[in-house]
Amino acid sequence: MTSQTSIFERRVDPVLQAAVVLAMVFVVDMFGLIISGAGEEGEAGSRFPWLTAASFMLFFALFNAVLSASAPNTAKYWGRSIYSFMGLALGAGLLAWAFSGITISDAGSYRWIYIVVSVGYLVFLGMISLIKNVVSFAQREEWTRPRLKNRQRED
């Protein structure tokens with residue numbers, strides 16, 4: 001008999017999430033390097049590692065924010081998540097620089113994409129926290145059915 005536990009019910013450490021995502025960035029960068037081979041690269045091909053880094057940062061931001069809903073201690077989870085995101089951004093950026101030979105300043109709009117994804121990550125965490133607080137409040141609140149008022153009819 002197998003357990004049908006949803007991924008959203010599991011508690012996955014943010015550091016492990018970031019490590020897995022960073023490994024995925026490395027694998028995709030390696031495939032990009034293999035596919036590009038000895039052929040001549042265009043402008044977009046040389047910035048592919050930066051695209052990969054930004055894409056997987058967004059991937060981490062979405063799933064980490066959603067998985068934070070099941071965390072028993074939100075403050076501790078947030079701390080580990082933010083440090084993990086910073087480590088992922090640094091690691092993915094270093095991988096992108098190593099694979100492309102282009103700094104983030106020379107990669108065009110990817111500096112702004114990094115900023116937007118980082119701010120978006122904080123917004124995602126805030127939205128999930130707000131939703132979690134509203135649901136928690138609604139579950140604690142005692143709901144009673146509305147009381148009917150006795151209206152006297154004048155005949």
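The values are calculated or read from the model by the stated rules, or taken from the named source; none is laboratory data. None of the values given here were measured: they were computed from a predicted structure. Here the Cβ positions follow ideal geometry from the backbone for every residue, glycine too, while neighbour counts run over all protein chains shown. These accessible areas exclude ligands, DNA and RNA; they are computed on the full protein's heavy atoms, side chains included. Shrake-Rupley method; radii C 1.70, N 1.55, O 1.52, S 1.80 Å.
Within a Cβ distance under 15 Å of TRP78, other residues only, what is the Lys/Arg minus Asp/Glu net charge? Write out the running numbers ahead of the final one.
Values: positive: ARG11, LYS76, ARG80, LYS132; negative: ASP13.
That works out to +3.
Could you check the spin-label model distance between ASN73 and PHE59? Points 7 Å from the Cα along Cα→Cβ, value in nm.
Reported label-point gap for ASN73 and PHE59 is 3.0 nm.
Which FRET efficiency, nearest 0.05, do MET24 and ARG140 yield, Cβ-Cβ r, R0 30 Å?
Details: r = 39 Å, r/R0 = 1.31.
Once rounded, the FRET efficiency stands at 0.15.
Tell me, what is the per residue accessible area of the stretch 46-144 in Å², probe radius 1.4 Å? Don't jump to the answer; show the numbers that get you there.
Details: 5750 Å² over 99 residues.
Accessible area per residue: 58 Å².
For the stretch 109-125, what does the Karplus curve 6.51 cos²θ - 1.76 cosθ + 1.60, with θ = phi - 60°, yield as ³J(HN,Hα) per residue in whole Hz, taken in order and with x for Gly and Pro?
7, 5, 5, 5, 5, 4, 5, 5, 5, 5, 5, x, 4, 5, 5, 4, 4
Leaving ligands, DNA and RNA out of it, report the carbon-plus-sulfur percent of the accessible area of the stretch 46-144 at a 1.4 Å probe.
C and S fraction of accessible area: 72 percent.
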